[in-house]
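A short worksheet on the structure shown next.
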Amino acid sequence: MCFVEYIYMINFILLKQIVDISFRRRKNVKNLYTLIQFNSNSVIVMERIMMKVQRSRYSAYNLPFLSDSLRNPNFFIHSLSSSPSYYSSFTDHRVLHRVLQRCKVSMDFKTVGKTHARIIVLGYAAYPSLVASLISTYATCRKFHISHQVLCYITSHVSVLFKMNIIIENLVKVGECDIAKKLFGKMSVRDVVTWNTLIGGYVKNSRFLDALRIFKGMLNAKVEPDGFTFASVITGCARLGALRNAKWVHALMVEKRIELNYILSAALIDMYAKCGRIDVSKQVFEDVKRDHVSVWNAMINGLASHGLALDATVVFSRMELDNVLPDYVTFIGILAACSHAGLVEEGRKYFDMMHNRFLIQPQLEHYGTMVDLLGRSGFLEDAYAMIKAMPMEPDVVIWRALLSACRTHRKKELGEIAIAKISRVESGDFVLLSNMYCSLNNWSSAERVRQMMKKGGVHKKRGKSWIELGDSIHQFKAADQSHAEMKAIYRVLEGLIQRAKLEGFTPLTDLVLMDVSEEEKEENLSFHSEKLALAYGVLKSSPGTKIRIFKNLRICQDCHNWMKILSRILQREIIVRDRIRFHQFEGGFCSCGDYW
Ligand SMILES: [Zn+2]
Ligand SMILES: [Zn+2]
């Protein structure tokens, strides 16, 4: 009997033993190759091999037989067709991708190895989305050496540029910007798409400063940016509110004669609005082609965030004259504008118009804004009726909006209903629950919990504030100690707090209030990030100059009161852009009229 016939006959246990022995004597790996080649249970053999490889810390790709299998991507498909049906569902690359994603959540390293084996056996070893998923999953499981090996293999074996670009795209999609950057660094050839993918990835992952840095690197490398590059960079500047950078990028775009499409036009309008220059936004809006709804949406949203509700309604009526149909985003903007200005009747009118005239089904966001608008203005029963009439499950944000309105208007009974709903939604630790489901292999439940976390905004988002001074942007977290000039900053901050107290400022220590809003929950209100940013601004700028602060969450009531008093004491204009809108503090008052 020849070796091949013999292999056909052997059972699983024997197969595993052969793998083990071959590994012990590394000279016999050739036999292993034959083993996989001719055995219908190749998946099992491969799993065994992968396990060995991982344990021995050898790169899977260094083994010659694995490399051979990579060169013949479809080689094993045939042999798999005769394998047990249990495996057949795992032959689809989308399924493999999902399995890896789940391993990431549960940190199930063993299954990662098995799945890696399948990926090789099925000839997907150079399949961009799976490669990205593998690299990221190994890194999540803290198996950095294997993650690195896969990365090295890819850079030396995949020579097609577009494939590499897709791998980078997939890496940034799952949030692995740093690994993507590493791969980017190893690439010998890059094109404008490679740069765009990396820059866009950093922006999508809210790493705007890094995105700007890469963009500058691109210019230094003499790669010509295109419209896609600018769309990402403009978005980055907008989110940072970095006016100086924004102006520079815009000027560069004009210099390079980049043609304006609706995406770029909308991005420019949004950028200037978010940088506090709504006047420039308006100017851009008047100058560009306005045949796409996105351009109008950007303008309406910008006006809403500046509390210019009437201007927003004017823009809305101009849409009709220009024959541009509003979409659901337009209504989010116009309802938010009404909400910021307390225009209840206008708000109701637009809400009705949306589904009666434009046949747009209201989404969660629209209901949220309406509940907020009605609740703040004291129409609590109407707000509650709207929640009850919603065709979908109301989320935590909506209940919180109602609760906060109940607090303002002292409606205890309704407030209790809202609290009951919130505590029901938030009962238990979501992360704990999700991990528990994962360990029980109950993936659908784990996924549901994660979706709930996402929808309800339960995921822990840390408050950050930043300030642009000169060419650089300084960022602060609550109770931050990381800044080089921290000592001086805290000294200034404490001085400012004392002065505010002398002027009658009392810190809000109502913890329940903190609990029902979405603001950051810190033990010490005095060191909220926007306070640190303001102290730094005072420290670094000359008296009388405007201070602009940006924040990723909503400003809390305590900071809001404090900023008002300080604008009077310091006789300075302080502008804070929070997640919702702009606050312009001057002479002890805020442009929002304490309504945000
Ligand atoms: Zn605060
Ligand atoms: Zn305000």
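Summary table
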{"read-out": "Residues of region 555-596 classified as within 23 Å of Leu243 (Cβ to Cβ), within 10 Å of ligand 2 (Cβ to nearest atom) and among the charged types (D, E, K, R), total", "value": "2"}
{"read-out": "Among the residues listed as Glu416, Glu393, the single one being out of contact with any Cys (no Cβ under 6 Å at 6 or more places or on another chain), assigned to a helix (DSSP H, G or I), outside the structural domain of Gln557 (by TED's automatic domain parsing) and without any contact (Cβ under 8 Å) to a residue 12 or more places away in the chain", "value": "Glu416"}
{"read-out": "Residue count, region 567-578 (criterion: touching a strand residue (DSSP E or B) at 6+ places or on another chain (Cβ under 8 Å) and more than 13 Å from ligand 1 (Cβ to nearest atom))", "value": "6"}
{"read-out": "Where Trp562 falls short, out of the listed (1) within 11 Å of Ile467 (Cβ to Cβ); (2) near ligand 1 (Cβ under 10 Å from one of its atoms)", "value": "(1)"}
{"read-out": "Complete set of residues in region 580-591 that are more than 15 Å from ligand 1 (Cβ to nearest atom) and part of a loop (DSSP other than H, G, I, E, B)", "value": "Arg581, Gly587, Gly588, Ser591"}
{"read-out": "Count of residues meeting criterion [aliphatic (A, V, I, L, M) and buried (at least 23 other Cβ atoms within 10 Å of the Cβ)] in region 184-211", "value": "4"}
{"read-out": "Residue within region 153-166 that is in a loop (DSSP other than H, G, I, E, B) and surrounded by 16 or more Cβ atoms within 10 Å (Cβ to Cβ) present", "value": "yes"}
{"read-out": "Subset of region 550-559 (residues that are within 12 Å of ligand 1 (Cβ to nearest atom) and either under 20 Å from His474 (Cβ atoms) or outside the structural domain of His528 (by TED's automatic domain parsing) (or both))", "value": "Lys551, Leu553, Ile555, Cys559"}
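Quick grid of which residues meet (1) modelled with pLDDT under 85; (2) under 30 Å from Ala221 (Cβ atoms):
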residue: Ser69; (1), (2): yes, no
residue: Phe76; (1), (2): yes, no
residue: Gln101; (1), (2): no, no
residue: Asp108; (1), (2): yes, no
residue: Ala139; (1), (2): no, yes
residue: Lys173; (1), (2): no, yes
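The values are calculated or read from the model by the stated rules, or taken from the named source; none is laboratory data. Everything numeric here is computed off the predicted structure, so don't read it as measured data. Cβ sites come from the backbone with ideal geometry, for glycine too, and all protein chains shown count toward neighbours.
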